[in-house]
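Worksheet for the structure shown next.
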Amino acid sequence: MLPDPARSAQLVARCLELYDAGEPLTPAGIACELMDLPELPMHCPDHHVLVPLALLTAAHMRCARGRDALAADLNTAAKRAGEVPGGLCGNYGCCGAAIGAGVFASVWQKTTPTSKSGWSAANAITARCLEAVASIEGPRCCKRVVCLSANAAAEAAPELLGLNLGGTQNVTCHHFSRSRECRGTACPFFPKNTEDKA
């Protein structure tokens, strides 16, 4: 199953609203705003689109490339990430949220498969996100891997892209009751865990 184009359009529109509000947010903070859209299910491949959109919005908030440039980047990322099907995490060992971070790096740097620069950084961001995702055993949780990928990409961006995305954020999940597969306190975003770190 592929991401829903109608939902991708809603995510793009919400990113532009957040950009227009003028308050810089972290990638994880933007991702949480997007995951709160009532139309977004607990688990679905739309999360693969959500990650690059959140990262691009954070990048544009800090680099002032302008709203039109953001809209163009968001649409390019939504199209690319819209080709990433669900179930990759368990069936192929490559989480779509981490791939979404690679989409972000490629779009931000304007890299292609034949680029001499930026190609390595895009793959390295994906690898850092996959490492973060793999730090917690399954089963899958789209909300968890989005937050892990957003934070891992934000941590890696200064080194790999020379870009400050606003840092990581210790977010608290409020979707856990919707997931039959929630790992509870084994997840760093479970309420008890984030309260302990506050």
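Of the residues examined, Leu16 is not one that is at pLDDT 95 or above, part of a helix (DSSP H, G or I) and either under 15 Å from the mean Cα position of the chain (by Cα) or under 25 Å from Arg180 (Cβ atoms) (or both). Filter region 1-24 down to residues that are farther than 18 Å from Asp73 by Cα and touching a residue at least 60 places away in the same chain (Cβ under 8 Å) and give me whichever is surrounded by the most Cβ atoms within 10 Å (Cβ to Cβ). Of everything passing the filter in region 1-24, Leu2 is surrounded by the most Cβ atoms within 10 Å (Cβ to Cβ). Would you confirm whether any residue within region 46-62 is in a helix (DSSP H, G or I), touching a helix residue (DSSP H, G or I) at 6+ places or on another chain (Cβ under 7 Å) and over 24 Å from Leu161 (Cβ atoms)? Yes; the residues of region 46-62 include at least one that is in a helix (DSSP H, G or I), touching a helix residue (DSSP H, G or I) at 6+ places or on another chain (Cβ under 7 Å) and over 24 Å from Leu161 (Cβ atoms).
Here's the yes/no breakdown for (1) over 14 Å from the mean Cα position of the chain (by Cα); (2) within 21 Å of Phe189 (Cβ to Cβ):
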position: Leu37; (1), (2): yes, yes
position: Cys63; (1), (2): yes, no
position: Thr76; (1), (2): yes, no
position: Gly93; (1), (2): yes, no
position: Ala97; (1), (2): no, yes
position: Lys110; (1), (2): yes, no
position: Gly138; (1), (2): yes, yes
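Somewhere in region 147-162, is a residue outside any helix (DSSP H, G or I) and touching a Ser or Thr at 6+ places or on another chain (Cβ under 7 Å)? There is no residue in region 147-162 that is outside any helix (DSSP H, G or I) and touching a Ser or Thr at 6+ places or on another chain (Cβ under 7 Å).
Touching a helix residue (DSSP H, G or I) at 6+ places or on another chain (Cβ under 7 Å) and loosely packed, with under 12 Cβ neighbours inside 10 Å, is that true of Lys192?
On the way: touching a helix residue (DSSP H, G or I) at 6+ places or on another chain (Cβ under 7 Å): yes; loosely packed, with under 12 Cβ neighbours inside 10 Å: yes.
In short, yes.
For every residue, the table says whether it meets (1) within 29 Å of Ser177 (Cβ to Cβ); (2) modelled with pLDDT of 95 or more; (3) of a type outside the set (Lys, Arg); (4) touching a Ser or Thr at 6+ places or on another chain (Cβ under 6 Å).
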site	(1), (2), (3), (4)
His43	yes, yes, yes, no
Ala59	no, yes, yes, no
Gly66	no, no, yes, no
Ala69	no, yes, yes, no
Arg80	no, yes, no, no
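For Leu130, the conditions (1) surrounded by 24 or more Cβ atoms within 10 Å (Cβ to Cβ); (2) more than 19 Å from Thr185 (Cα to Cα) are fulfilled apart from (1).
Checking Gly118, Gly87, Gly82, Gly138 one by one, the residue that is in contact with a helix residue (DSSP H, G or I) (Cβ under 7 Å, 6 or more places away or on another chain) and at positive phi is Gly118 and no other.
Can you give me the number of residues within region 48-79 that are closer than 14 Å to Pro3 by Cβ and without any contact (Cβ under 8 Å) to a residue 24 or more places away in the chain? Full working, then the answer.
First, pick out the residues of region 48-79 that are closer than 14 Å to Pro3 by Cβ: 48-53, 74-75, 77-79.
Applying the additional criterion that residues be without any contact (Cβ under 8 Å) to a residue 24 or more places away in the chain yields 79.
So the count comes out to 1.
Sub-7 Å Cβ pairs linking a first residue in region 134-163 that is within 18 Å of Gly87 (Cβ to Cβ) and touching a residue at least 60 places away in the same chain (Cβ under 8 Å) to a second residue that is among the hydroxyl-bearing types (Ser, Thr, Tyr) and not in a helix (DSSP H, G or I), at least 6 apart or interchain, are Cys141/Ser179, ordered by first then second residue.
Out of region 25-42, which residues are free of Cβ contacts under 8 Å to residues at least 24 places away in the same chain and assigned to a helix (DSSP H, G or I)?
Going residue by residue through region 25-42, those that are free of Cβ contacts under 8 Å to residues at least 24 places away in the same chain are 33-34, 36, 38, 41.
Answer for region 25-42, where residues must be free of Cβ contacts under 8 Å to residues at least 24 places away in the same chain and assigned to a helix (DSSP H, G or I): Glu33, Leu34.
The values are calculated or read from the model by the stated rules, or taken from the named source; none is laboratory data. Since this is a predicted model, take the numbers as computed values, not measurements. As a convention, Cβ positions derive from the backbone with ideal geometry for all residues, glycine included, and neighbour counts pool all protein chains shown.
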